[in-house]
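As structure tokens, the structure follows; a few thoughts come after it.
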Amino acid sequence: MELSEQNVKKQRPVHLDLQTIRFPATAIVSILHRVSGVIMLFAVGILLWLLNASLASAESFQGVQSLLDNFVVKFILWGILTALAYHLLGGLRHLVMDTGRWEELPSGKASAKAVFVLTAVFSVLAGIWVW
């Protein structure tokens with residue numbers, strides 16, 4: 001069966017306004033899972049640098065301890081922990097979906113919202129722990 005121009009819809013958008021597009025929760029979870037993965041890539045470098053500096057000598061350990069008292073460093077660590085939690089929960093969601101579960105629209109939306117809620121809870125707990 002060949003598609004001809006007459007069979008194709010003529011109602012194609014001429015100008016796609018990206019501000020009016022509303023992504024479903026499932027798409028947002030998937031996109032943010034990729035973003036959190038990129039954040040985790042850079043976070044590994046930061047955490048390895050902190051670990052190396054803390055193990056170099058007693059003086060450098062004291063330097064890392066004093067560095068961790070800085071608000072900006074605490075904020076970065078909180079962000080890393082939040083990204084880690086989100087990436088972990090989103091990855092678990094994807095693994096469950098790979099088994100054939102939560103693929104229907106209602107359960108997919110519910111699992112996406114659960115990832116958001118659980119990440120928010122973990123983020124608050126991580127903030128309390130960091131500060």
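Does the range 116-131 hold any residues that are open to solvent by 50 Å² or more (accessible area, probe 1.4 Å) and in contact with a Lys or Arg (Cβ under 8 Å, 6 or more places away or on another chain), and which are they?
Here is the first cut: in the range 116-131, the residues open to solvent by 50 Å² or more (accessible area, probe 1.4 Å) are 116-118, 120-122, 124-125, 128-129, 131.
The one that is open to solvent by 50 Å² or more (accessible area, probe 1.4 Å) and in contact with a Lys or Arg (Cβ under 8 Å, 6 or more places away or on another chain): Trp131.
Could you grab the pairs with beta carbons closer than 9 Å, sequence gap of 6+ or different chains, first residue in the range 93-120 and closer than 16 Å to Ala83 by Cα, second one exposed (fewer than 14 other Cβ atoms within 10 Å of the Cβ)? Pairs that qualify, where the first residue is closer than 16 Å to Ala83 by Cα and the partner is exposed (fewer than 14 other Cβ atoms within 10 Å of the Cβ), are Ala112/Pro24; Ala112/Ala27; Val115/Leu92.
Do we find that Glu59 is at pLDDT 95 or above, surrounded by fewer than 10 Cβ atoms within 10 Å (Cβ to Cβ) and more than 28 Å from Thr119 (Cα to Cα) in this structure?
So Glu59 fits the description; yes.
For Gly108, state whether it is assigned to a helix (DSSP H, G or I), at pLDDT 95 or above and open to solvent by less than 40 Å² (accessible area, probe 1.4 Å). In short, no. Tell me which of these Lys113 doesn't satisfy, since it passes every other one: (1) in a helix (DSSP H, G or I); (2) open to solvent by 100 Å² or more (accessible area, probe 1.4 Å); (3) over 12 Å from Val29 (Cβ atoms); (4) not small (Gly, Ala, Ser). Here Lys113 meets the rest and fails (3).
It is to be established whether one or more residues within the range 93-104 are surrounded by fewer than 14 Cβ atoms within 10 Å (Cβ to Cβ), aliphatic (A, V, I, L, M) and at pLDDT below 95. Scanning the range 93-104, I find no residue that is surrounded by fewer than 14 Cβ atoms within 10 Å (Cβ to Cβ), aliphatic (A, V, I, L, M) and at pLDDT below 95, so the answer is no.
Here is the figure for the range 28-72: residues that are without any contact (Cβ under 8 Å) to a residue 24 or more places away in the chain and aliphatic (A, V, I, L, M) total 16. Scanning the range 62-91 for residues that are farther than 18 Å from Val44 by Cα and open to solvent by 90 Å² or more (accessible area, probe 1.4 Å) yields a total of 3.
The values are calculated or read from the model by the stated rules, or taken from the named source; none is laboratory data. Since the model is a prediction, treat every value here as computed from it, not as a measurement. Note: ideal-geometry Cβ built from the backbone for every residue, glycine included; neighbour counts use all protein chains shown. Ligands, DNA and RNA are excluded from the accessible area calculation, which covers all protein heavy atoms including side chains. Shrake-Rupley method; radii C 1.70, N 1.55, O 1.52, S 1.80 Å.
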